[in-house]
Amino acid sequence: MNKIYKSAPLPFQGQKRFFVNKFKEALASYPSTATYVDLFGGSGLLSHTVKSIHPNAKVVFNDFDNYRKRLHLIPQTNKILEQLRALKLEAKRSKKLTESDRKKVLAILVEANKGGYVDWISLSGSLKFSMNYGHCLEDFTKDTMYNTIRQSNFPEALDYLDGIEVVKLDYKQLFENHKYEKNVVSLVDPPYLSTDTSTYNSGDYWKLRDYLDVLDLLHDHSYFYFTSNKSQVVELCEWVETRAEINANPFKDANCTTTSNKTSHNSGYTDIMYHLNRSDE
């Protein structure tokens, strides 16, 4: 692995770019030759970071959302962006497209759609506001569009997943595949509780039952677990522990690190990382 990425090459809801440095610091105390299983691979940033810190480790990236396919399509995505930039739109930067602008933009999108798979998520940043993602042509034809066109092409990033094993499995099956191996560290970054997860291929919403199923995997295993203060899962585990006859809180002895993120001048949220090393190395 040559280039070290501090953020994912393409946009992805919930990527951990603000947590990379703290994640690296924590990784230093974990086995350099362990197997790291990224159960909810997402953008692959956690997998990439592990491989950059521990090049001799086995890293398994669960590409359930086809991120690798999006990486391979960067040249096609850039071609569409070049066509959009060439339109010289009437609308000023960040302003709503005029009806004339919409017709020109939609003509490019419709033609691109005829060619097959289009990375609509990456194009969303050029025609919608931040965190508003489209997933198909219809999400653009029916929605308001804005002149937020990216001013430069996405750099090609075929080396981003070098040395990493890429699979596409239900996270429970992937966990079972490595459950009895020695020195396995699970990277657990599920969709946040009760938040819209339409960007993922995992359904519309993650409910409490989904979350509890994930937490059940943490007992007696080394892990990194990511959540935020928008979720009450940690508080729930603490509450359960006070009333259960057995230790039901998987975070009881874990280390906790946080980072604050601003979404606007007057709002934000806190990302939380729990990690527990049970290895012998």
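The values are calculated or read from the model by the stated rules, or taken from the named source; none is laboratory data. In this text the structure is predicted, and so the values were computed from the model without any measurement. Note that we place each Cβ from the backbone using ideal geometry, even for glycine, and neighbour counts take in every protein chain shown.
Can you pull out the helices (runs of 4 or more DSSP H) entirely within the stretch 1-118 that have at least 2 residues that are touching a strand residue (DSSP E or B) at 6+ places or on another chain (Cβ under 9 Å)?
Details: elements: 20-27, 45-53, 67-72, 74-85, 99-114.
Where helices (runs of 4 or more DSSP H) fall fully within the stretch 1-118 and carry at least 2 residues being touching a strand residue (DSSP E or B) at 6+ places or on another chain (Cβ under 9 Å), they are 20-27, 45-53, 67-72.
Give the stretch 109-120 a look and list any residue that's surrounded by 16 or more Cβ atoms within 10 Å (Cβ to Cβ) and either among the β-branched types (Val, Ile, Thr) or more than 30 Å from the chain's Cα centre (by Cα) (or both), or say none.
118
Tell me, which residue of the stretch 85-108 that is basic (Lys, Arg) and surrounded by 16 or more Cβ atoms within 10 Å (Cβ to Cβ) is farthest from the chain's Cα centre (by Cα)? Write out each step before concluding.
Step one: list which residues in the stretch 85-108 are basic (Lys, Arg), which gives 85, 88, 92-93, 95-96, 102-104.
Restricting the remaining residues to those that are surrounded by 16 or more Cβ atoms within 10 Å (Cβ to Cβ) gives 102, 104.
On the way: 102: 30, 104: 32 Å.
My answer is 104.
For the stretch 181-201, check the following and say yes or no: at least one residue is of a type in the set (Lys, Arg), under 15 Å from residue 62 (Cβ atoms), assigned to a loop (DSSP other than H, G, I, E, B) and modelled with pLDDT of 80 or more.
Within the stretch 181-201, not a single residue is of a type in the set (Lys, Arg), under 15 Å from residue 62 (Cβ atoms), assigned to a loop (DSSP other than H, G, I, E, B) and modelled with pLDDT of 80 or more.
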